[in-house]
Every structure is written in C-alpha cells, then in structure tokens.
C-alpha cells in the first residue's frame, strides 16, 4: 500500500467516530416551509455594466447568511481528526508559542493568552471544547488559527479549499452546538463556525 493510501486509510478509520457523532447532530427538527420542505435561499447577483444577467444561485437549506456562492475553507487536523473553518474568519496561522500567559480566573475553555501584534487574544483548548469527554484524545497542539479576539489550537493546517455550497451537508438547526455548521459531503470533515466555538 502506498504512503498516500495508508494515510487515507488512517484518516478514514480515525474519522469514523467523529463522522458518526457529527452526522447524528445534522438531524434535529429542521426549519421548514409551510409545504413541509426545508427552506432554500436564492441569491441574485447584479451584473456589471456590459455583462449578461445570470440566473440566481439557489443555495441549499441551512446555509449561513454569509454564503452567497463558492467559498474558501481552512482545513486543520485536531487529535487525528479533520475540521475546517471558513477562511474569511481567520487572519493568520501562528506557530505554537513557547509560552502562554495564564490567569487564575481565565475561562475554562482557555489555555491562556497570547500577545499578537500588541493585542491580547485567548487561545482556545479546541479539542476539549468541541468534543465530548468520551471522544477526546490527548491533543498535541502545534499551531494556532488566529481570528477576531481568539485563536484555535490545532495540530496542523492543510491547504485552503474552495467549496460550492452544495458540497456541504448543512446543519438545519444550530441552537445546540451552534459552532457546528455541517459536514463536508466529500470527506469526513466537520465545518465549524470560528466565531461561535466558545458560545456553548
């Protein structure tokens, strides 16, 4: 077996519990139209001068308001599993710092604070925040995904991917675990909302 196939098989086996766990969260009571069908959303794009008008894009049910067409995601590895966040929610990837500033009264989800370009941001203990106790492994944090006011600790980052809205199985109801947007339809990978990771 080639190295690439071996890696794919390891990821398939490692991600199976995560895939099953998050897939189960994609099936709460869905928001529906009066005819009983999940809601779709149409986006009209105004053509520039000289361009021909294009038909509106029909977006799958569950798409967040910021989805208006193809969008970029930043995949990352965490505890041997695969996640991704919308690329527009991040502003930098930071190597794991030598030291984090800890505080006696810091939030339970925080590993500490880091100074980034003169601003203090909280570093989130990502694995312990998004997975239940029975599904956690010991994290080996090596990288930070930094965004507005905080950074997610992760093991490694992958290359950016461009997705069409229909390549995500969007979660219909997000009152519970609001950070889970859905699952990629093409691979075991949970798409999470960076800005809502600590809003449980």
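Neighbour counts of other Cβ atoms within 10 Å put 77, 171 in the fewest-to-most order 77, 171. Shape of region 84-188 from its Cα gyration tensor (a ≥ b ≥ c, root eigenvalues): rounded if a/c is under 1.5, otherwise prolate when a/b > b/c, or oblate? Since a/c reaches 1.5 and a/b is larger than b/c, the shape of region 84-188 is classed as prolate.
Since every read-out is calculated from the coordinates, none of them should be taken as a lab result. Everything numeric here is computed off the predicted structure, so don't read it as measured data. We place every Cβ from the backbone using ideal geometry, glycine too, and count neighbours over all the protein chains shown.
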